[in-house]
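To keep things clear, I will list the structure first and then write my remarks on it.
The values are calculated or read from the model by the stated rules, or taken from the named source; none is laboratory data. Here the structure is a predicted model, which is why all the values come from computation and not from measurement. Here Cβ is always computed from backbone atoms with ideal geometry, including for glycine, and neighbour counts include all displayed protein chains.
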Amino acid sequence: MGEVLSQSEIDNLLKALSTGELDVEDYKDKDEKQVKVYDFARPSKFSKEHLRTLEIIFEHYGRLLYTNLPAYLRKNVQVEVVNSEAVAYSEFSNALSNPALLSIVDFEPLKGNIVIELATNLGYAIIDRLLGGEGDAIERKREFSEIETILIERIMTICVELLREPWQNVVAIKPRLIRIEKNPQFAQIISPQEMIAIVTLSIRIGEVEGLMNICLPYICLEEVMDKLNTKYWFSTMKEKDENTYEDIIENLISKANIPLRAILGESTISVNDFVNLQKGDIIRLNSQVGQELDVFVGNIKKFKVLPGTSNNNYAVRVTSIIREED
């Protein structure tokens, strides 16, 4: 039971209310149920958790673009995830300009396709760079020619292939660029009322900055929606200790080819003598017969050796190893 007030306490309370010392709104029941508006025409199929996981995936994708694109464009490339949101496909398509650069990508083994929209100013900068220019974008928008579209298609094919690794923890996809559409009306991959997730990347190529929008329809991701949460994401990430990385690095280094040369001796002659050298001439070296030779690995002196032959080939026998501290 609640506390029982005396008559004097009731009188004081009424007096305080009448004078405005107490506000009746402060004593209203706080347990009232809040009504949430739900639009059945646009159901919220992507939760904040789903969108956050997509951001993590495309942050990884952005790092791959950052490291791979400069090799093709010979220009510094910066990539950053700006935003992620869930909207109807009609809102996305209506916001597109004409001309546009829309890459239709098959997201096998998932059903359906995704769309990657690349800002036209980035497209012009890429074309200018591939054709030997500085990578500047033109101010006036115009249609892309067939040759320009083919050049863009080559770069977008590389960008599509880079999608494999970031999605590895969710599903092993085999993305394939189907075509590039320049007119948004021909890129209706799903119904206008279908819900999509849009992840926006900010890309800077040299001095030109623009956006890349990745459109992911719900029907495409429906099979893996339960995996698009951070708990599943981090639980499936493989833990690798330092020894594992050391073994991998050591294995890669062991297969590297490096130049190895033995210096028989050195001599100094004039340019005139060098020009007049004939077959049978003798060049006197600064080393003696039977003296140990220096062997260089790359540009580092590493071994002392003696010259000889092996199976009718010139060879050397290692007599001592020159340590770094030596």
Return yes when Asn183 is farther than 22 Å from Glu165 by Cα and in the same structural domain as Leu73 (by TED's automatic domain parsing) and no when it is not.
yes
In region 77-93, the residues that are of a type in the set (Gly, Ala, Ser) and either in contact with a strand residue (DSSP E or B) (Cβ under 6 Å, 6 or more places away or on another chain) or part of a strand (DSSP E or B) (or both)
Ser84, Ala86, Ala88
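For region 47-76, enumerate the residues that are among the charged types (D, E, K, R), assigned to a helix (DSSP H, G or I), farther than 15 Å from Ile198 by Cβ and over 11 Å from the mean Cα position of the chain (by Cα).
If the condition is that a residue be among the charged types (D, E, K, R), assigned to a helix (DSSP H, G or I), farther than 15 Å from Ile198 by Cβ and over 11 Å from the mean Cα position of the chain (by Cα), then Glu49 is the only one that fits.
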Condition met for Ile138 (surrounded by fewer than 17 Cβ atoms within 10 Å (Cβ to Cβ), modelled with pLDDT under 90 and not basic (Lys, Arg))
yes
Return the residues of region 173-227 that are assigned to a helix (DSSP H, G or I) and of a type in the set (Lys, Arg); say none if nothing qualifies.
Lys227
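Please determine whether any residue of region 275-286 is under 27 Å from Ile321 (Cβ atoms) and either touching a residue at least 12 places away in the same chain (Cβ under 8 Å) or not small (Gly, Ala, Ser) (or both).
yes
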Only residues in region 100-122 that are closer than 24 Å to Val171 by Cβ count as the first member; pair them with residues that are of a type in the set (Ser, Thr, Tyr) and part of a loop (DSSP other than H, G, I, E, B), Cβ under 6 angstrom, at least 6 apart or cross-chain, and list the lot.
none
